[in-house]
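Notes follow the structure.
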Amino acid sequence: MERIDVKSLTREELRRELEAQGEKSFRADQLYQWMHLKLAGSPKEMTNLPLKLRKKLEEQYEYVCLETVEVQRSRMDGTCKYLFRLPDGHVIESVLMRYHHGNTVCISSQAGCRMGCRFCASAIGGLVRNLRPSEMLEQIYRIQKDIGERISNVVVMGTGEPLDNYDNLLVFLKLLSDENGLHMSQRSITVSTCGIAPRIRALAEEELSITLALSLHAPTQEKRRELMPVANKYGLSEVLEACGYYFKKTGRRITFEYSLVGGVNDSQEDAKLLAALAKPIHSHVNLIPVNPVTERGYVQPDKRVIRNFKERLEEYGVNVTVRRELGQDIDGACGQLRRRYLEK
Ligand code: SAH
């Protein structure tokens, strides 16, 4: 029988589970604190729990703790890339970015990904499996422990499509923002999707105050399909309608992520079309000079083209930023550390 992964249980579920084991309910609260507040690496550390319970946790339950395989630290800007091993041996990566306003961690939501975006290194090996809530949380917990500083922001923008792992994502968000755990403000959490329209609508109903980011990358259905196969299933207009619904329902502005690919989606006409999509729902546009992935042959536009593109959007009254490229001296981009590791 599969052992229960205690770190993926909500507080109520954990209470019920321990009560069924004949434990008093305050034991569940103590255990919850050890896992989600003190970020214990093993039940052995839980010194105020009876020895018998600690043993049970080790033997009858699964206590998920990620093993750090490798850390690359950038000398340029303090960005760190972590390669973690999951309990079943697969590896995933997470990134720590240090900003003036605090520490941001970018986590993976799946091992691999099945969305197949053409410019993305994570897509190359396909999907291995979904990550459980505990495995998403642990990426944050291990990094916070490693640096001994609070993580103030989380972006679910690493490997994987979070809305393709919807149920686990929701539990993860609940546990991360729970007042008895790290109690992260939902406003400090961003979930990025390639555009699974029905799930965007479902997410709008969950009464969360997270930020949603849509990976748009092209202003027409035709161009978008070339970069992102998911657009064949959920067309641009369907996705934009779902975003409009999300904004109306939650009042939260959506971010449009737009990777600028030289000669592909960086023309003045593209900027004009993009502005027309962003304005009606007051989206913020985040321009990302594409990270060249050797396997694909996509290149960054010239600095001048990027600047013109940004200025054009501003002329149309769109709120726009260009993402600063961090960690260029390490395997900084999307899924590249994990990929290099797998190749070895
Ligand atoms: N599946 C989700 C989240 C993971 S990807 C999504 O699609 O949004 C996080 C962001 O990085 C997405 O906007 C993705 O399109 C972008 N991205 C992936 N590879 C990239 C690359 N080589 N250069 C620039 N952006 C990239």
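The values are calculated or read from the model by the stated rules, or taken from the named source; none is laboratory data. Because the structure is a prediction, the values reported are computed rather than measured. All Cβ positions, glycine included, derive from the backbone under ideal geometry; neighbour counts span all protein chains shown. For accessibility, only protein heavy atoms count, side chains too; no ligands or nucleic acids. Shrake-Rupley method; radii C 1.70, N 1.55, O 1.52, S 1.80 Å.
Scan the range 99-125 for residues that are more than 8 Å from the ligand (Cβ to nearest atom), assigned to a loop (DSSP other than H, G, I, E, B) and surrounded by fewer than 23 Cβ atoms within 10 Å (Cβ to Cβ) and jot them down. If the condition is that a residue be more than 8 Å from the ligand (Cβ to nearest atom), assigned to a loop (DSSP other than H, G, I, E, B) and surrounded by fewer than 23 Cβ atoms within 10 Å (Cβ to Cβ), then His100, His101, Arg114, Gly116, Arg118, Ile124, Gly125 are the ones that fit. Residue selection: Leu236 satisfies the criterion of being open to solvent by 10 Å² or more (accessible area, probe 1.4 Å) and within 21 Å of Val318 (Cβ to Cβ).
So, in the range 178-229, exactly how many residues are free of Cβ contacts under 8 Å to residues at least 40 places away in the same chain, among the hydrophobic types (A, V, I, L, M, F, W, C) and within 11 Å of the ligand (Cβ to nearest atom)? Qualifying residue count for the region: 2. May I ask you to list the residues in the range 248-263 that are of a type outside the set (A, V, I, L, M, F, W, C), crowded, with 19+ Cβ neighbours inside 10 Å and not in a helix (DSSP H, G or I)? Of everything in the range 248-263, those that are of a type outside the set (A, V, I, L, M, F, W, C), crowded, with 19+ Cβ neighbours inside 10 Å and not in a helix (DSSP H, G or I) turn out to be Thr255, Glu257, Tyr258, Ser259. At least 3 residues being among the aliphatic types (A, V, I, L, M) and within 15 Å of the chain's Cα centre (by Cα) is the threshold, and among the helices (runs of 4 or more DSSP H) wholly inside the range 157-236 those reaching it are 166-177. Number of residues in the range 141-169 that are closer than 19 Å to Asp5 by Cα and within 16 Å of the ligand (Cβ to nearest atom) equals 4. Annotation note: Cβ proximity below 9 Å between a residue of the range 7-22 that is more than 12 Å from Leu175 (Cα to Cα) and open to solvent by less than 40 Å² (accessible area, probe 1.4 Å) and a residue that is polar (S, T, N, Q) and in a helix (DSSP H, G or I) (sequence gap 6+ or interchain) occurs for Leu18/Ser25. Assessment of the range 323-338 against the conditions (farther than 26 Å from Ile92 by Cβ and open to solvent by less than 40 Å² (accessible area, probe 1.4 Å)) yields no matching residue.
Does any residue of the range 204-211 turn out to be open to solvent by 30 Å² or more (accessible area, probe 1.4 Å) and on the phi > 0 side of the Ramachandran plot? Yes, the range 204-211 has at least one match.
Going through (1) in a loop (DSSP other than H, G, I, E, B); (2) surrounded by 15 or more Cβ atoms within 10 Å (Cβ to Cβ) one by one, Lys310 falls short only on (1). State yes or no: is Asp266 more than 20 Å from the chain's Cα centre (by Cα) and part of a helix (DSSP H, G or I)? Judged against the criteria, Asp266 is not a match. Quickly run through the range 181-203 and pick out the residues that are in contact with a His (Cβ under 7 Å, 6 or more places away or on another chain) and open to solvent by 10 Å² or more (accessible area, probe 1.4 Å). Within the range 181-203, Leu182 is the sole residue that qualifies. Hey, could you check the range 292-307 for residues that are among the hydrophobic types (A, V, I, L, M, F, W, C) and surrounded by fewer than 19 Cβ atoms within 10 Å (Cβ to Cβ) and say which is modelled with the lowest pLDDT? Among residues in the range 292-307 that are among the hydrophobic types (A, V, I, L, M, F, W, C) and surrounded by fewer than 19 Cβ atoms within 10 Å (Cβ to Cβ), the one modelled with the lowest pLDDT is Val299. For the range 163-172, the criterion of being within 20 Å of Gly251 (Cα to Cα) and either open to solvent by 10 Å² or more (accessible area, probe 1.4 Å) or basic (Lys, Arg) (or both) is met by at least one residue. Answer with yes or no whether Tyr245 is closer than 22 Å to Tyr166 by Cβ and either part of a helix (DSSP H, G or I) or near the ligand (Cβ under 10 Å from one of its atoms) (or both). Considered against the rule, which asks whether it is closer than 22 Å to Tyr166 by Cβ and either part of a helix (DSSP H, G or I) or near the ligand (Cβ under 10 Å from one of its atoms) (or both), Tyr245 comes out as yes.
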